[in-house]
1. Is it fair to say residue 116 is within 13 Å of the chain's Cα centre (by Cα) and either of a type outside the set (Asp, Glu) or part of a strand (DSSP E or B) (or both)?
2. Can you tell me which residue among 78, 56 is more than 22 Å from the chain's Cα centre (by Cα), assigned to a loop (DSSP other than H, G, I, E, B) and within 19 Å of residue 231 (Cα to Cα)?
3. Being in contact with a Phe, Trp or Tyr (Cβ under 8 Å, 6 or more places away or on another chain) and without any contact (Cβ under 8 Å) to a residue 60 or more places away in the chain is the requirement here; does residue 155 meet it?
4. Does residue 231 satisfy being crowded, with 18+ Cβ neighbours inside 10 Å and touching a strand residue (DSSP E or B) at 6+ places or on another chain (Cβ under 6 Å)?
5. Taking the range 162-208 on its own, how many of its residues are surrounded by 13 or more Cβ atoms within 10 Å (Cβ to Cβ) and in a loop (DSSP other than H, G, I, E, B)?
6. If residue 66 passes every condition in (1) of a type in the set (D, E, K, R); (2) in contact (Cβ under 8 Å) with a residue 60 or more places away in the chain; (3) out of contact with any Lys or Arg (no Cβ under 7 Å at 6 or more places or on another chain) but one, which one does it miss?
7. Could you list, in sequence order, all residues of the range 259-301 that are in a loop (DSSP other than H, G, I, E, B) and out of contact with any strand residue (DSSP E or B) (no Cβ under 8 Å at 6 or more places or on another chain)?
8. Considering 245, 204, which residue is under 18 Å from residue 276 (Cα atoms), β-branched (Val, Ile, Thr) and not assigned by TED's automatic domain parsing to the domain that holds residue 119?
Amino acid sequence: MKKIVLIGCGSVGVSFVFSLLNQKINNIEIAIIDANEKKAKGEIIDFNHSLPFLDANIKIEYGTYDDCSNADIIVLCAGARQEQGQTRLDLLNKNAIIINDIVDNILKTDFKGILINASNPLDVLTTFIHKKINDKFKVIGTGTFLDTNRLKWEIKNRVNVSYQDIEAYVLGEHGDSLAIPWTSIKVKGKNIKDILSLEDLNFIKDKVKNAGYELLNLKGYSSSAIGVAISQIVRIIICGKEEKIVLSCYDKDNDIFYGFPCVLKEKQIERLPKLNLSKEENENLEKSINIIKEAYKKISI
């Protein structure tokens, strides 16, 4: 059985497990760790009551950090929730303290798998984890995978095609400085700039950039889509399928993590070659990269 350890069973963690179960992946074990043990155990009972509907060989139980030793994947969803009026970067030092403690506990085990970080500020904390562990295991972040799918949804709202007909990426920070490379975005092989007006493209960018804030104002948090995003990444790793995906992955030239297309297969992550970006798009991406770099320098623990 493949073993997954979930650290952080709040709204995002719950959404991730629910989505993973509904993908009908068989022969998996999920150990859940959360500071609120009582709530986590309640969620586990609820999850287990769903298993007869799925008729799957799945084991879900409360775990400890000892479970990390033989885990294939750790999913990190812990941290303080963004409040109204805050950006993701405003969570930096509060969540860095939480993540630092969690990673210290993981490093006490023999974990040799892959850690998927979904805690914000996403790219900065993924960089922080990478530097802290000194390559003792692999790290990726959910990055702009969610933003990319928000972009596809917004495009589909304006162009009557299937999602499979849309080739699109969001690059850089999973945050306010995200970069959209319009020159690389195609609908049925045709560049989107030949289909939609500049006004439409600017509107779409604002919708994607502000999607998290919209959800924050309406329901207090985002959870469903990011839960699906994490479960998709886990599915690729567990099933051993090779897929092109946008993740927060390591750029050795800049020594940080940020959203960029890559190929993911099991534990192998390979960044794709640089995209053919316009001068303005390159500048926007560089600006986003520099924001992540500067934020990393502000971690004070």
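1. On the way: within 13 Å of the chain's Cα centre (by Cα): yes; either of a type outside the set (Asp, Glu) or part of a strand (DSSP E or B) (or both): yes.
Considered against the rule, which asks whether it is within 13 Å of the chain's Cα centre (by Cα) and either of a type outside the set (Asp, Glu) or part of a strand (DSSP E or B) (or both), residue 116 comes out as yes.
2. On the way: 78 fails: more than 22 Å from the chain's Cα centre (by Cα).
Only one candidate qualifies: 56.
3. Working: in contact with a Phe, Trp or Tyr (Cβ under 8 Å, 6 or more places away or on another chain): no; without any contact (Cβ under 8 Å) to a residue 60 or more places away in the chain: yes.
No: the conditions fail for residue 155.
4. no
5. Qualifying residue count for the region: 14.
6. Failed condition: (2).
7. Here is the first cut: in the range 259-301, the ones in a loop (DSSP other than H, G, I, E, B) are 266-267, 272-278, 298-301.
Within the range 259-301, 266, 273, 274, 276, 277, 278, 298, 299, 300, 301 qualify.
8. Values: 204 fails: under 18 Å from residue 276 (Cα atoms).
Being under 18 Å from residue 276 (Cα atoms), β-branched (Val, Ile, Thr) and not assigned by TED's automatic domain parsing to the domain that holds residue 119 holds for just one of 245, 204, which is 245.
The values are calculated or read from the model by the stated rules, or taken from the named source; none is laboratory data. Fair warning: this is a prediction, and the values are worked out from it, not measured in the lab. Every residue, glycine as well, gets a Cβ built from its backbone with ideal geometry; the counts of neighbours run over all protein chains shown.
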